[in-house]
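Below is one structure, written out as structure tokens; comments come after it.
The values are calculated or read from the model by the stated rules, or taken from the named source; none is laboratory data. Being a predicted model, the structure only gives us computed values, none of them experimental. Backbone-built Cβ (ideal geometry, glycine too); neighbour counts: all protein chains shown.
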Amino acid sequence: MKVVLTSAVTSLLAIANVASPFCIAPPFISRNSATSSALKMSSEGSLDVSRFMAGPRPEGTKDYIMQQLMVRVKDPMKSLEFYCDVLGFKLVMYREFPQWGFNVYFVAPVESINIPEGEQAQWDYCMKLPGCIELTWNYGSEKEEGLVYNTGNSDSIGISDGEKVKGGFGHIGITVPDVYEACERFKAAGVTFTKTPNSGGMKGLAFVKDPDGYLIEILPQGPMITKPVDCDGIAVDGGSGYKDNSK
């Protein structure tokens, strides 16, 4: 039987504050193992991770996929316009849960012709589709002032102890045939940039923000090619130094 690894069920239960029957800690993981190879770090901070690139996938996991990344959004229409009209994704499947006060919208870089008709067929298609983004809208968030969610690139308050903790989520990444051409299109659409292709020390990639402030990294599908001038008029030999994309 083909098995697909997905957090769809557990994500929905978590949003609704319902305990998931799948939240069982694997018995083979020891967080306190002082001899773990993952903790054997040299003084330079280099790890030998070569074994994770070698050999076949573990028994029983060959059909597992990374199906989704879930982010909460303030205004679903604005988010769908950004991901579908600007980034070129399509709404693959959505579900509404008024009894729990939230809706979910799954978007992915696919063609409309490949999306089947019917709720169950769309669910089955979506759950086997790698690289979906699940946009979760909690009712009422669209009425709040300003940005609602911590995008993961700034400090926030810990839930249990009230202490400040660093944001964990970084960004969503998409690849395009030509980063510079894509950024010209984004600029024309009024998208907010935190890094254009030639700004900062790393050339040939960009960062934009979605309507909720989540960072979207724009990367090439091939070699990191640069061009003399980018969409902001920055020369490739300008904009040096580290570019902080969290602001």
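What are the residues in the range 53-67 that are within 26 Å of Leu215 (Cβ to Cβ) and either modelled with pLDDT of 90 or more or surrounded by fewer than 10 Cβ atoms within 10 Å (Cβ to Cβ) (or both), if any?
Gln67
Could you tell me which of the residues Leu147, Leu129, Leu205 is within 20 Å of the chain's Cα centre (by Cα), loosely packed, with under 14 Cβ neighbours inside 10 Å and among the aliphatic types (A, V, I, L, M)?
The unique qualifying residue is Leu147.
Only one of (1) outside any strand (DSSP E or B); (2) modelled with pLDDT of 95 or more; (3) closer than 19 Å to Ile65 by Cβ is not met by Leu80, so which one is it?
Looking at each condition in turn, Leu80 falls short on (3).
For the range 168-198, which positions are under 13 Å from the mean Cα position of the chain (by Cα), under 23 Å from Lys78 (Cα atoms) and assigned to a loop (DSSP other than H, G, I, E, B)?
Applying the first criterion (under 13 Å from the mean Cα position of the chain (by Cα)) to the range 168-198 yields 168-175.
After this cut, where a residue has to be under 23 Å from Lys78 (Cα atoms) as well, the list is 169-175.
If the condition is that a residue be under 13 Å from the mean Cα position of the chain (by Cα), under 23 Å from Lys78 (Cα atoms) and assigned to a loop (DSSP other than H, G, I, E, B), then Phe169, Gly170, His171 are the ones that fit.
Within the range 97-123, how many residues turn out to be among the charged types (D, E, K, R) and at pLDDT below 95?
1
Assess whether Val191 counts as being in contact with a Gly (Cβ under 8 Å, 6 or more places away or on another chain) and in contact (Cβ under 8 Å) with a residue 40 or more places away in the chain.
Working: in contact with a Gly (Cβ under 8 Å, 6 or more places away or on another chain): no; in contact (Cβ under 8 Å) with a residue 40 or more places away in the chain: yes.
Answer is no for this residue.
Can you tell me which residues in the range 111-122 are buried (at least 17 other Cβ atoms within 10 Å of the Cβ) and in contact with a helix residue (DSSP H, G or I) (Cβ under 9 Å, 6 or more places away or on another chain)? Talk me through it step by step, then tell me what you get.
Of all residues in the range 111-122, those buried (at least 17 other Cβ atoms within 10 Å of the Cβ) come to 115, 122.
Listed by number, the list holds a single entry, Ile115.
Please go through the range 83-121 and give me each residue that is over 18 Å from Ala189 (Cα atoms), part of a helix (DSSP H, G or I) and of a type in the set (Ser, Thr, Tyr), ordered by number.
Selection gives Ser112 alone.
Give all pairs with beta carbons closer than 8 Å in which a residue from the range 71-93 that is within 26 Å of Asp124 (Cβ to Cβ) meets a residue that is of a type in the set (Lys, Arg) and surrounded by fewer than 23 Cβ atoms within 10 Å (Cβ to Cβ); count only pairs at least 6 apart in sequence or on separate chains.
Close Cβ pairs satisfying both conditions: Cys84/Lys90.
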